[in-house]
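Scroll down for the structure; my scribbles are underneath it.
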Amino acid sequence: MMKVLQFPLTRIAIGFLLGILFAYGTLLNYYLGYTLLSISTLMLIVAYFFEKNQAKGNLFFGVTTLFVSFSMGVMSLIMHTDTYQISHYTHEASYFETENIIVAKVQERIKSTEKSHRFLLSIIQINDKRASGKIILNLQKQKINKSIIVGNQLVIKGKIIRNKPPYNPSLFDYSRYLENKQIYGQLYANQQSLLVSPIVTKDLFYYCSQLTTTIIRNLENSHFDPQSLSVAMALILGQKQDLSSEVLQDYQYAGAIHILSVSGLHIGFLLFFLNFVLSPIPNTRKGSLIKLVLSIGLLALFAIIAGLSPSVIRSVVMFSFIALGYYLRRNTYIYHTIIVSIVLILLFQPYFLFDAGFQLSYLAVFFIIWLQPLLSSTWTPKNKVLQFGWNILTVSFAAQIGTLPLSLFYFHQFPSLFFITNLFILPFLSIIMILGIVIMLLAAFNIAPTIFVSTFEWSISSMNKIIAEIASFKSFVLQDIPFNTYLLISAYLLIITLIIWFEKPKYNKLVWIFIAIIAFQLSYMKTAYDNNNGQEWIVFSQKKNSLITERKGSKVRVYANDTLSKSLINTNLKSYLVSHFAIVDSRSSIPNVSYFNEKKILIIDSLGIYPKNCKPDILLLIQSPNINLDRLLATIHPKIIVADGTNYKNIQQNWKKTCQKNKIPFHATAEKGFYKM
């Protein structure tokens, strides 16, 4: 491990990653990025000539090399940020204010919702003006839907809706997630506002999509069970658009969600199978090179069959470099090739760095390569069956240990039966995958032998049943686990120091373990201190039920209607409690008057009743009260008016105009999100 850190490429990769993070956090403009790269390159040239005349390397050359890699990271992110393009639709405010005629190309079909089919579009022009950028089309589901395929040009009449940040605290930021994919807006359309142009762009993505469509159609014609087919398409081709929420939840609770997205696990199995098939080729230098070329070529072919999705390309590139590392026959080269693959992928797609799938994939592979041999060496069963099972368990534990802190940080849950799932599923997954790939290839050529299809369908169905059975033990799924950035960093510090000590126990390594333990404790203490000293009063943004919370430290008082107060199955509230390490201390109905930090809050509900002599700091309106706001403001003189999402839109618009006339701030949670004191 320490040898890897001393490798110059590792330091360059660290500088490159820091450059991407810096550019992401500071949003440097194009010219500053170019200036930074030019200065660093000039410094490197000067340092090179100084280095040339010295017997030993100098510090200046090392620092300038790091500076150049940092600058390259900055420029990589800037060059792949679409909003820096002059033609990008975000530069024209009118596109978000009025309806436009938008011409766009269908780039990908994405997972649908209950009400809409969804497509990723690449904009060509808006209102006869050249434009660019990615956008999501939400097409209302109707009995008769126009056939839309990848490569189609669409003409759409509609207003672009900007991505909106989470309307409630501590929720997943879907807006940021889309922006990391360079998607800055969405369109909502129906059949009447959309025209499918006869023009079709027949690029590589078009042919990949057509191939996938052919495979699905032929398998459907073979009477493949729809639910099993959706799992098969996710497992083999990474197509998760048709997976039901129930299936996703089962795989999540069983600790097998990684199976349903083509990742390093799948490509690793495929590479292992290819090595087995190519094993008759002798391990001479020439023979090994032939194996390497064939392996990488077949992995690339699989990526095309799988539709060239980002996760597939990422995994294929990663394992192509791992195959290269094994070809070079030196263990340290495996780490080096992983580092090269990271830099190469991020050079062309720097926003992958902020993708949870990218982070988890590389962590899993890294810990399997590093930790699994150490775990495996603790016991050497003589029985081959036991040895096989032990290897599966050690691989599972290595990957789980490596990804656990990050999984807790993103998902706040831990499926404790993951090892049982992997013990049952992994031995057969490679067989299922190989059988699936063969059937997909045959289906692509309009061949679907009944015996093969039936066997494959049975294997998928059996796997689903096993997963569902394991997932049924919901008490073993630890949920709502609080975990923040401080705990994430300190947890990885502790894991890494423990593994380094486990490799070769020494006293000085033990000291680092104690330092890591103290760091983890300090992280927890800081988190506890921040939460215990925090106080806030929040009006949540909800349409059907009003929800107000008052937090003092780790205790939360919930004000809600009877239905919600009795049942806390509320995503908004759960996320808030988990992020603040808090619990619900008490529940009560919403009062007419409340106090927080010496501020009086008057709450008027649908009854429209309020104390006449009340002089509140804040006026909260809920459930569309029938009041004359002009007359009310003349009486009570609040400093700000807040309206939650339970009020009718037209009433809120009238209130907003009244507040503007009276020069009083107006906060509508349906428009601005939650209100917090």
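With the cut-off at 23 Å, tell me which of the pairs Lys181/Lys574; Lys105/Lys159; Lys544/Lys612; Lys115/Lys157 have Cα atoms farther apart than that.
Lys181/Lys574; Lys544/Lys612
What do you get for trypsin sites (Lys or Arg not before Pro) in segment 632-668 restricted to DSSP loop and a cutoff of at most 13 other Cβ within 10 Å of the site's Cβ?
The qualifying sites are Lys639, Lys663.
Once the Cα atoms of helix 8-26 and of the chain are each reduced to a long axis, what angle between those two axes, in degrees from 0 to 90 to the nearest 10, is obtained?
Roughly 20 degrees between the two axes.
Enter the angle in degrees (range 0 to 90, nearest 10) between the Cα long axis of helix 204-221 and the first principal axis of the Cα atoms of the chain, meaning the one along which they spread out most.
90
Over the chain, what relative contact order in percent results from Cα pairs under 8 Å that are six or more residues apart?
10
Pairing the Cα long axis of helix 30-52 with the longest principal axis of the chain, what angle in degrees results, from 0 to 90 and rounded to the nearest 10?
30
Relative to the present Cα-Cα distance, how much length would full extension add between Asp585 and Arg557 at 0.36 nm per residue of separation? Write down the numbers at each step before the final one.
Details: separation 28, 0.36 × 28 = 10.08 nm, distance 0.56 nm.
Working it through step by step, the gained length comes to 9.5 nm.
Between Thr113 and Ala468, what FRET efficiency follows from the Cβ-Cβ distance if R0 is 30 Å, with the result rounded to 0.05?
0.80
Please return the longest stretch of the chain lacking exposed loop sites, where chymotrypsin sites (Phe, Trp or Tyr not before Pro) count only if DSSP places them in a loop and at most 13 other Cβ atoms lie within 10 Å.
173-378
Which loop-located trypsin sites (Lys or Arg not before Pro) does segment 261-322 contain, where loop means any DSSP state but H, G, I, E or B and the Cβ has at most 13 other Cβ atoms within 10 Å?
Taking segment 261-322 and a limit of 13 other Cβ atoms within 10 Å, no loop trypsin sites (Lys or Arg not before Pro) are found.
Just the Cα atoms of segment 124-229, one point each, no solvent: what log10 I(q)/I(0) does Debye give at q = 0.10, 0.12, 0.17 Å⁻¹?
Cα-only, vacuum Debye calculation for segment 124-229: -0.43, -0.61, -1.07.
So what's the projected area for segment 196-354, the Cα convex hull averaged over all directions, in nm²?
With the hull built on Cα positions only, its mean projection is 12.9 nm².
Work from the charge dipole of the chain (Cβ charges, +1 for Lys and Arg, -1 for Asp and Glu, about the Cα centre) and give the residue of Val385, Phe367, Leu248 farthest towards its positive end.
The listed residue farthest towards the positive side: Phe367.
Taking each pair of different alpha-carbon atoms in segment 603-677 once, compute 1/r for the pair, average those values, and report the inverse of that mean as the Kirkwood hydrodynamic radius in Å to one decimal.
One decimal place: 12.3 Å for the Kirkwood radius.
What range in the chain is the longest one free of GluC sites (Glu not before Pro) that are in a loop by DSSP and have at most 11 other Cβ atoms within 10 angstrom?
For GluC sites (Glu not before Pro) (loop position, at most 11 other Cβ atoms within 10 Å), the longest site-free span of the chain is 115-597.
Report the dimensions of segment 164-209 along its three principal axes from the alpha-carbon atoms, largest first, rounded to Å.
Between the extreme Cα coordinates on each principal axis of segment 164-209 lie 45, 30, 14 Å.
Can you give the extra length, in nm with one decimal, that the chain gains between His637 and Ile101 once fully stretched, where that is 0.36 nm per residue apart less the Cα-Cα distance?
Between His637 and Ile101, full extension yields an extra 188.4 nm.
Principal axes first, then extents: for the Cα atoms of the chain, list largest minus smallest coordinate on each axis, whole Å, largest first.
For the chain, the Cα extents along the three principal axes come out at 93, 66, 59 Å.
Quick note: the coordinates plus some simple rules give every number you see, no bench work behind them. A quick note: this is a predicted structure, and the numbers were derived from the prediction, not measured. Note that each Cβ is placed from the backbone with ideal geometry, even for glycine, and that neighbours are counted across all protein chains shown.
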